[in-house]
Amino acid sequence: MPVQQRLRRQAAQNVDDDDMGQPHPQSPGEVDSDGDEQMAEVGPRDETTQLIKNLVRYALSCEYSRAPIRRDGIKEKVLGSNGREFKRVFAGAQKQLRATFGMEMVELPTKDRNLMTAEQKRKAAKSQTQKEPTSNTYVLVSVLPEAYTTPAIITPSKVQSAEGEAAYVALYTMIIAIITLSGGELSEPRLRRHLTRLNVSENMPSLNPNDETSPSEKTEMVLQRMVRQGYLVKLTDSRSGGDEDQTTWHVGPRGKVEVDKEVIAAFVRTIYGGSDDELENRLQVSLKIRDRKPGVPDMVEEVAEEEAAPNGDPGPSNRRRGRRRQTEAYDEESD
């Protein structure tokens, strides 16, 4: 039988079935076949998949410029009219970021009330609810295993130059470590003394030190960038009666996430070339961290070998301990 006749016969049979009272769609919103039901399911799924991809791109673009990933920005630039899909899209983006890029979005801590102005405290008190306050801002952090977080594997990004990026990371890591080890607060004069000892009191390497026209930039500009990006917080207490304003430096929310206490401890061990019981005890007291991780090099054996250096040379480890004592004495004099 020809195809056209078969189709016409099937159509006529369907009409007869309808006349006999067979159920059929009563409105455009209903579906009348399995195929239509599948299409209705595939549409929302494809839309959610596209929203997940858009959120991943948005998160990567924010991280490129070291801008926080704000929930309001996600709703405005990614979700649009699909605001109710936030949890599903966010979870899908987290899964894709971990599997593809070895990163995930971590919420930044809320601003410390001690660092708020009187006006900010009043606004926070008015908006305070029964729920625990959240910042609703995120940054990307690595979730790679520790074995893959070595500098040989994770090299500095080439935003402008790898050298400039490495110098910038080293500077804000050093400053955050100094502030944290100083009790979480550092006065302006003490910060300036530390910068002088680092030979960056006036200028710091630019983000592209290979650029002959601007291999360096003013220290004030670099510090302002660290404040703007959330690594540092500069708090100025205006005093009355003609007294000078008191400025203190604190660790910002992004700095607390990227350079946490474990990172600071590892940074200090690297500076000292290893670890020993005395250093670990001090780190535990200052940072409230757990015991030293396995695999951290020990300085005790190195000291035993180098104390026997000929010609009365104290050896590198003894010189290192001498520098440590000089540093402590310098800080005591500064206080």
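The values are calculated or read from the model by the stated rules, or taken from the named source; none is laboratory data. Worth saying up front: this structure is predicted, and the values here are computed from it rather than measured. Cβ placement follows ideal geometry from the backbone for every residue including glycine, while neighbour counts extend to all protein chains displayed. Side chains included, ligands, DNA and RNA excluded: accessible areas come from the protein's heavy atoms. Shrake-Rupley method; radii C 1.70, N 1.55, O 1.52, S 1.80 Å.
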Exercise for review: Could you tell me which of the residues M204, M221 is under 28 Å from V141 (Cα atoms) and assigned to a helix (DSSP H, G or I)?
Suggested key: M221
Check your understanding: Picking from S187, S157, S201, which residue would you name as being in contact with a Leu (Cβ under 7 Å, 6 or more places away or on another chain) and surrounded by 12 or more Cβ atoms within 10 Å (Cβ to Cβ)?
Key -> S201
Check your understanding: Can you tell me which residues in region 160-182 are surrounded by fewer than 15 Cβ atoms within 10 Å (Cβ to Cβ) and modelled with pLDDT under 90?
Key -> A162
Review point. So R254 clears everything in (1) among the basic types (K, R); (2) open to solvent by less than 50 Å² (accessible area, probe 1.4 Å); (3) at pLDDT below 90 except one condition, right? Which one?
Key: (3)
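Could you tell me whether N114 is touching an Asp or Glu at 6+ places or on another chain (Cβ under 8 Å) and at pLDDT below 90?
Values: touching an Asp or Glu at 6+ places or on another chain (Cβ under 8 Å): no; at pLDDT below 90: yes.
No.
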Point to revise | region 204-238 - residue that is in contact with a Pro (Cβ under 7 Å, 6 or more places away or on another chain) and hydroxyl-bearing (S, T, Y) and, of those, least open to solvent (accessible area, probe 1.4 Å) | key: S206
